[in-house]
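Some notes on the structure that comes next.
Please treat every number below as a calculation from the coordinates, not as lab data. Just so you know, these numbers come straight off a predicted model, no measurement behind them. Cβ coordinates were reconstructed from backbone atoms using ideal geometry, including for glycine residues, and neighbour counts include every protein chain displayed.
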Number of protein chains: 2
Amino acid sequence: MYHATLWIDVGSLADHIPYRFVVIYAKVEGRIIGPLSYPDDSSNDDSDSAKAPSNISVIKYWGKRNEALILAVNESISITLDLDHLCATTTVAVSPKFEKDRLWLNGKEMSLSSDRYQNTLREIRSRGDNFEDDEKGIKIMKEDWMRLHFHIASHNNFPTGTGLASSAAGFACLVFALAKLMNVKDDMSQLSTVARLGSGSACRSLHGGFVKWVLGKDEKKGKDSFAIQLEDEKHWEDLVILIVVVSSQQKEISSAKGAPLTVATSPFLHYRAKFRLLASALRFAWCITVSGLCILRDLTVLTLNIAPKEVVPKRIVEMERAIRSRDFATFAKLTCADSNQFHATCLDTSPPLFYMNDTSHRRVHSQVRELM
Amino acid sequence: MYHATLWIDVGSLADHIPYRFVVIYAKVEGRIIGPLSYPDDSSNDDSDSAKAPSNISVIKYWGKRNEALILAVNESISITLDLDHLCATTTVAVSPKFEKDRLWLNGKEMSLSSDRYQNTLREIRSRGDNFEDDEKGIKIMKEDWMRLHFHIASHNNFPTGTGLASSAAGFACLVFALAKLMNVKDDMSQLSTVARLGSGSACRSLHGGFVKWVLGKDEKKGKDSFAIQLEDEKHWEDLVILIVVVSSQQKEISSAKGAPLTVATSPFLHYRAKFRLLASALRFAWCITVSGLCILRDLTVLTLNIAPKEVVPKRIVEMERAIRSRDFATFAKLTCADSNQFHATCLDTSPPLFYMNDTSHRRVHSQVRELM
């Protein structure tokens, strides 16, 4: 009952909360990070239920380099939350009687017309395989999936639009449930590219533990922009995530609306995401090599000058190392810095975006000071 | 009486206010921007009083590339406030009887031991000239100024440490009063390099109207890092500055303490201030030219890729143009963007600095939306 009240109160600054509570992480016993799993009661013939957890990033994803494919401007790292705490539960059903795809979200029918849903459904359908159950007399060939329609019912056990990644849990769950229904043979990382088409951060909810969404180089189809598990949920068992509720209001501007605005107007975001000239300079260095090693040496100096300017790519490397070695001080420092920098790019957006308030500021202020 | 109450309430977020009220500037009749001047009653023989106004930047100064000389990491542009509103009044006296320099600030004696005061006093003393008044029998030779001591009494008619640039008004006034006393022949821009040694933004208070603090190239002595007047106070007479009080608390971290922290820890600040690699790449281009024009062409492309990444240097040019042509829309847009970006660098600092609160956020939010 206490929990129910707690979640109802999660507010506009929840987007920030993940970062603040990281600084008040503590070494406490108890399992809190869980992998994706099916609930025990998913035994229906022509329908499947799945549960998918939410995830909270410690190196932030904010902004896309490709809006349609949902390819991020930078890599991100997250921690998957325990299914017993924040999760989406999705039941999917298929029948020749269904005339169109339909979705009920938290009991209310929603439109599936957006590109996000259409791209996700088209992609997962294309991966469907033959399904046979002689005992029950069911036989669906892979090409049938393109004609059959789904009924989808999804439920989150926490409020949507509050920065607790409800769309991440939701799309991960949708893709996972449909994949099971259609006998899709993909592994979790392959499935994560499908979930990504619905919501970028959803790709990270396909794995438990510590997860990285890799940038990828396939700019045309985005096939190599998927999530990989850095460490499983048992790796750092005395790490706990505490969610502090600071407001009862929803976000004024959703992430889906806010992030493109940042991409379009914030000079800081592009600097933060990746210093693209590094790549240019390196290519140029190679090109020059043909004509003389002396010039190459000079260009290498130029390249070294550029390299320390990078922000996220450097932090990704440092964060992976901190997680691997369970180095809490570095982990917390990087998480705080990246959270604050994410909010800084929001403030650098025109018009500015605010996902923190005085209460969250005060928390950061006092907690970070304790840490330093 | 109403005004008195108003100023007492100026709070921790006053540092932000200048930016917010810019968006609520309106075309209103009335003179509000005033130049530096003497009050009419400064007629004492061996003492001089001066009044100096505060100034509010529209392109922000935050962070020094040289702490001792107070050389900024980027150029800034400000508007000088009317002396009738926010100003410092300083009276300086000299006498062979004075045993040491002494300062009373708002009626309370303060130490002059800090580098800021010592550098300012040493520099202005070195510029003193012969002073003779036959009628009153006063004769002070220029070399005498190095031996004589001052008594300085300064008073601000607005609260200190609230982001309304009290130190700017104070140091501008101190330097101006001493210059008059010692018959210093420097013009305002030359004097501004002395005021700068006390407080960076003080250099801008030596001029009325619209003022730019130029970066300068003299890294050893900072002699060419001074303030110039872009336009005088009559240039844009229907522009008014409105100061909105949002909190009654002082800043938690002073600018003097906060800015060096940003310089030391914020990746964004250095990107914002100046993209230094541009210069490197250009120098390299020239170096290469010796061996072949073909390579130069390639490097020029590289340089062009770098150039658009600049933030403040580009805004300075655009702001100068907007002020010159009284283009309010551009002026307001740039002012808002730069204010928000300044606060973004504060948030990107470790530990983060907050000079805004929920009230100021709301103001920005609603006012900027109206403007867009």
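Among residues other than A:V194 with Cβ under 11 Å from its Cβ, the summed charge is +3 (Lys and Arg +1, Asp and Glu -1). Taking a straight line from the alpha carbon of A:K51, these lysines sit under 17 Å away, with near neighbours fewer than eight places off in the same chain left out: A:K180. Label positions at B:A264 and B:L148, each projected 7 Å from the Cα along the C-beta direction, are separated by 4.1 nm.
Give the residue list of trypsin sites (Lys or Arg not before Pro) in segment A:52-141 that are DSSP loop and have at most 16 other beta-carbon atoms within 10 angstrom.
Working: sites: A:K60, A:K64, A:R65, A:K97, A:K100, A:R102, A:K108, A:R116, A:R122, A:R125, A:R127, A:K136, A:K139; in loops: A:K60, A:K97, A:K100, A:R127, A:K136.
Sparse-neighbourhood loop trypsin sites (Lys or Arg not before Pro): A:K97, A:K100, A:K136.
Order of B:L103, A:L174 from fewest to most other C-beta atoms within 10 Å? Walk me through the intermediate numbers first.
Details: B:L103 20, A:L174 28.
Ranking B:L103, A:L174 by Cβ neighbours within 10 Å, fewest first, gives B:L103, A:L174.
The value given for segment B:202-277 is a Kirkwood hydrodynamic radius of 16.0 Å, derived from the mean inverse Cα-Cα separation. Residues within the reach of a label modelled at A:D129 (point 7 angstrom out along Cα to beta-carbon, backbone nitrogen below 19 Å), restricted to segment A:156-178, are A:175-178. Taken as Cα centroids, segment A:203-227 and segment B:192-206 sit 52 Å apart, rounded to the nearest whole angstrom. Whole-Hz Karplus values for segment A:120-131 come out as 5, 5, 4, 5, 5, 4, 5, 9, x, 10, 4, 10 Hz, taken residue by residue from phi with 6.51 cos²θ - 1.76 cosθ + 1.60 and θ = phi - 60°; glycine and proline positions read x.
Computed from phi, the 3J(HN,Hα) profile of segment B:90-107 under the Karplus parametrisation 6.51, -1.76, 1.60 (θ = phi - 60°) reads 10, 10, 10, 9, 10, 7, x, 6, 6, 8, 7, 5, 9, 10, 10, 10, 6, x Hz, with x in place of Gly and Pro.
Each pair of Cα atoms in segment A:183-244 enters the Kirkwood radius, and Stokes-Einstein at 20 °C and 1.002 mPa s then converts it into a translational diffusion coefficient of 170 µm²/s.
At R0 = 45 Å, how high is the FRET efficiency between B:I138 and B:D84 if r is their beta carbon distance? Nearest 0.05 is fine. List each step's numbers first, then the result.
Working: r = 33 Å, r/R0 = 0.72.
So, using R0 = 45 Å, E works out to roughly 0.85.
Semi-axes of the equivalent ellipsoid for segment A:115-172, computed as √(5λ) from the eigenvalues of its C-alpha gyration tensor and ordered from largest down, come to 30, 15, 8 Å. Working from label points 7 Å from Cα in the Cα-to-Cβ sense, the A:F98 to B:D224 distance is 7.3 nm.
Let me know the whole percent of all Cα-Cα pairs from segment B:147-257 that are separated by more than 24 Å. Roughly 35 percent, once rounded to a whole number.
Taking amide H as placed 1.01 Å from N in the peptide plane, A:N66 has its amide H under 5 Å from the amide H of A:L71, each at least 5 places away in sequence or on another chain. Taking each of B:K108/B:K139; B:K136/B:K221; B:K234/B:K333 in turn, the alpha-carbon distance tops 30 angstrom for B:K108/B:K139; B:K136/B:K221. In segment B:62-157, the alpha-carbon atoms span a convex hull of 164 Å³ per residue. Listed by chain and number, the lysines placed with their C-alpha closer than 24 angstrom to that of A:K220 are A:K60, A:K64, A:K185, A:K212, A:K257, A:K274; residues fewer than eight positions away on the same chain are left out. Note on segment A:77-120: with charges restricted to the Cβ of Lys and Arg (+1) and Asp and Glu (-1), its dipole about the Cα centre is near 220 debye.
With its label point defined 7 Å out from Cα along the Cα-to-Cβ axis, A:M110 lies at 5.7 nm from the matching points of the other copies, in increasing order.
Sequentially through segment B:150-163, phi angles give Karplus couplings (6.51, -1.76, 1.60; θ = phi - 60°) of 10, 10, 10, 10, 10, 9, 9, 8, 8, x, 8, x, 10, x Hz, Gly and Pro residues having no value and appearing as x. Model label sites at A:E109 and A:K234, defined 7 Å from Cα along the beta-carbon direction, differ in position by 4.6 nm.
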